[in-house]
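Novice: The structure's right below; bear with me while I get my questions together.
The values are calculated or read from the model by the stated rules, or taken from the named source; none is laboratory data. What you are looking at is a predicted structure, and each value in this text was computed from that prediction instead of being measured. Ideal geometry is used to build each Cβ from the backbone, glycine not excepted, and the neighbour counts take in all protein chains shown.
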Amino acid sequence: MPDQTPDNSSKKRWIKPVITPLRSGMLNKSGGSQNLSWTESIDGVPIKQLVEEFGSPLFVVSEKKLRRNLQRLKHAFESRYPEVICAWSYKTNYLGAVCNSFHQEGAWAEVVSEFEYQKARSLGVPGHSILFNGPFKRPAILETAIIEGARIHIDHLDELYTLEEIATRLRRRVNVSIRLNFDTGFTEPWSRFGFNIENGQARDVAWRIASSDYLQLTGLHSHIGTFVLEPRAYQNQVTTMYQFLTEIEAQTGAVIEYIDIGGGFASANALQGIYLPVEQVVPSVEQYAEAICDTLLELGHEREARGLKRPILILETGRALVDDAESLICSVIANKRLPDGRRAIIVDAGVNLLFTAFWYNHKVTPTRQLEGRPEDTVIYGPLCMNIDLMRNSIMLPPVNVGDTLIFSPVGAYNHTQWLQFIEYRPNVVMIDTHEKTWLIRQAEELSTITDLERLPEHLQDPYPQGEPEDIFNPLSQPD
Ligand SMILES: Cc1ncc(COP(=O)(O)O)c(C=O)c1O
């Protein structure tokens, strides 16, 4: 008998139809991307394997990318300016494995609190390779920083007086820097930090230090903002700082060894409200380097003519070094249809883990080829809180419960601002340069939180009069 089995090989697969209402501002069916890119691995390690071993959600750091990013930044600046120091901004990501990847590539530490100072020291960074910024440094940690030779950047007059008191007591000459604020014409001045140049306050402070027996002004610092998309802002920053340097050197006799321009370079992330593609909006580190170094070299001619060394250039780059070196894998836990017709999905990672979801439209990458027509989709996190919105609107084909999605770049400011809120914080792993995976921060469990708590004696028992009756259990009701 001939084979009666129908040949289905050439038949098209059935795909569930969807009706998509047209909304203003949204792409129509012709504009929606049909070819969402997808990936099965990170740095050569299969995502399936990562999730099986370390669970979901899961943060994944690429050591290769961390190192490459710093090497590229250093090369961009060192090939244009004679002496450059990169200091890793701890507040951007202070996971030990991340910090040490940068330190091994030659980065100093830039810290803004006692905790960050202690963390850098505990990782093995010597005091003389620490830049100590920030408005709140307790006297005890200032004293330690003086003794250990850290570079202290003074934020306000009260800090100056405290420093002077400690230096006098220790009978020690201390090299200090001052943080400056001023208008670059491109960025909102962060005038709450440091001393203002335009109103003369910074000049007065330079004079005040010059009159001190124990303090000596040797550095100038400023940080003009974060995610600064305009390299010309940095041209104006270094011009202003250089003019100030020249003026106070001439007037007070100080010799300034370095200009620290802080951080602020944008990372390859999509800021909410900016609709052009990231590649068109975010300058490369080479573009920032060119703007800064060309200006500094030009300004330095006159100084060189006077036989003086050019000041060392210090960078405190944060997000541009770390953001694209980390991804967040999460899993779809539910599909929903909202009353207005939009599709929603719920994933197992929320804004308590991904703080930057408030500012960025992170890239969302599926981990298999998704079939079906993309639809405007809202991605919610797992928290029982209305604010838990991971992506407000993204064209996504249908996904199944259990599918994994990758949010990226997520390396900047998430591990330092994440919250233990409702859910435990998950594992963080690093894939090293040989594609080996290391657990670099363990997932939390109940004891992580309760170990820090103390129950007063009279509150040890929730029901000292005996456990309440289960009023809904018919067996417990009287006959
Ligand atoms: C003093 C200082 N330096 C460096 C940074 C790092 O900035 P970014 O991550 O924008 O490069 C910050 C961030 O706010 C900062 O306050």
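Novice: Of all residues in region 321-347, which are within 23 Å of residue 40 (Cβ to Cβ), in contact with a strand residue (DSSP E or B) (Cβ under 8 Å, 6 or more places away or on another chain) and either outside any strand (DSSP E or B) or not β-branched (Val, Ile, Thr) (or both)?
Specialist: 324, 325, 326, 327, 328, 330, 331, 335 - these are the residues of region 321-347 that are within 23 Å of residue 40 (Cβ to Cβ), in contact with a strand residue (DSSP E or B) (Cβ under 8 Å, 6 or more places away or on another chain) and either outside any strand (DSSP E or B) or not β-branched (Val, Ile, Thr) (or both).
Novice: A follow-up question, please. Can you tell me which residue is nearest to the chain's Cα centre (by Cα) among those in region 80-129 that are in a strand (DSSP E or B) and of a type outside the set (A, V, I, L, M)?
Specialist: Initial filter on region 80-129 (in a strand (DSSP E or B)): 84-89, 108-111.
With of a type outside the set (A, V, I, L, M) added as a condition, the list becomes 86, 88-89, 108, 110.
Values: 86: 16, 88: 11, 89: 9, 108: 17, 110: 14 Å.
This residue is 89.
Novice: Would you check if there is a residue in region 268-277 being away from the ligand (no atom under 13 Å from the Cβ), in contact (Cβ under 8 Å) with a residue 40 or more places away in the chain and of a type in the set (S, T, N, Q)?
Specialist: Yes, because at least one residue in region 268-277 is away from the ligand (no atom under 13 Å from the Cβ), in contact (Cβ under 8 Å) with a residue 40 or more places away in the chain and of a type in the set (S, T, N, Q).
Novice: Output the residues belonging to region 149-165 that are among the β-branched types (Val, Ile, Thr) and either over 17 Å from residue 220 (Cα atoms) or outside the structural domain of residue 179 (by TED's automatic domain parsing) (or both). Explain how you work it out, then say what you get.
Specialist: Within region 149-165, the first condition is being among the β-branched types (Val, Ile, Thr), and the residues that meet it are 152, 154, 162.
162, the sole residue that qualifies.
Novice: Here are 281, 285: which of them is surrounded by fewer than 24 Cβ atoms within 10 Å (Cβ to Cβ), over 25 Å from residue 101 (Cβ atoms), within 16 Å of the ligand (Cβ to nearest atom) and of a type in the set (Val, Ile, Thr)?
Specialist: Values: 285 fails: over 25 Å from residue 101 (Cβ atoms).
281 is the lone residue from the list that is surrounded by fewer than 24 Cβ atoms within 10 Å (Cβ to Cβ), over 25 Å from residue 101 (Cβ atoms), within 16 Å of the ligand (Cβ to nearest atom) and of a type in the set (Val, Ile, Thr).
Novice: Could you check, for region 136-154, whether at least one of its residues is within 16 Å of the ligand (Cβ to nearest atom) and closer than 22 Å to residue 417 by Cα? Spell out how you get there, then give the answer.
Specialist: Step one: list which residues in region 136-154 are within 16 Å of the ligand (Cβ to nearest atom), which gives 136-137, 145, 150-154.
Among the residues that remain, those that are also closer than 22 Å to residue 417 by Cα are: 136-137.
Yes, there is a match, as at least one residue in region 136-154 is within 16 Å of the ligand (Cβ to nearest atom) and closer than 22 Å to residue 417 by Cα.
Novice: For residues in region 218-236 being surrounded by 18 or more Cβ atoms within 10 Å (Cβ to Cβ) and polar (S, T, N, Q), which is nearest to the ligand (Cβ to nearest atom)?
Specialist: 226
Novice: Hey, could you check region 156-206 for residues that are β-branched (Val, Ile, Thr), outside any strand (DSSP E or B) and within 16 Å of the ligand (Cβ to nearest atom) and say which is nearest to residue 251 (Cα to Cα)?
Specialist: Filtering region 156-206 down to residues β-branched (Val, Ile, Thr) leaves 162, 166, 168, 174, 176, 178, 184, 187, 197, 205.
Subsequent filtering for residues that are outside any strand (DSSP E or B) retains 162, 166, 168, 184, 187, 197, 205.
Keeping just the survivors that are within 16 Å of the ligand (Cβ to nearest atom) gives 184, 187.
Working: 184: 24, 187: 29 Å.
Filtering first and then ranking leaves 184.
Quick grid of which residues meet (1) modelled with pLDDT of 95 or more; (2) surrounded by 18 or more Cβ atoms within 10 Å (Cβ to Cβ); (3) within 16 Å of the ligand (Cβ to nearest atom):
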{"site": "292", "(1), (2), (3)": "yes, yes, yes"}
{"site": "299", "(1), (2), (3)": "no, yes, no"}
{"site": "308", "(1), (2), (3)": "no, no, no"}
{"site": "321", "(1), (2), (3)": "yes, yes, yes"}
{"site": "330", "(1), (2), (3)": "yes, yes, no"}
{"site": "335", "(1), (2), (3)": "yes, no, no"}
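Novice: Would you be able to say whether some residue in region 252-259 is surrounded by 17 or more Cβ atoms within 10 Å (Cβ to Cβ) and within 12 Å of the ligand (Cβ to nearest atom)?
Specialist: no
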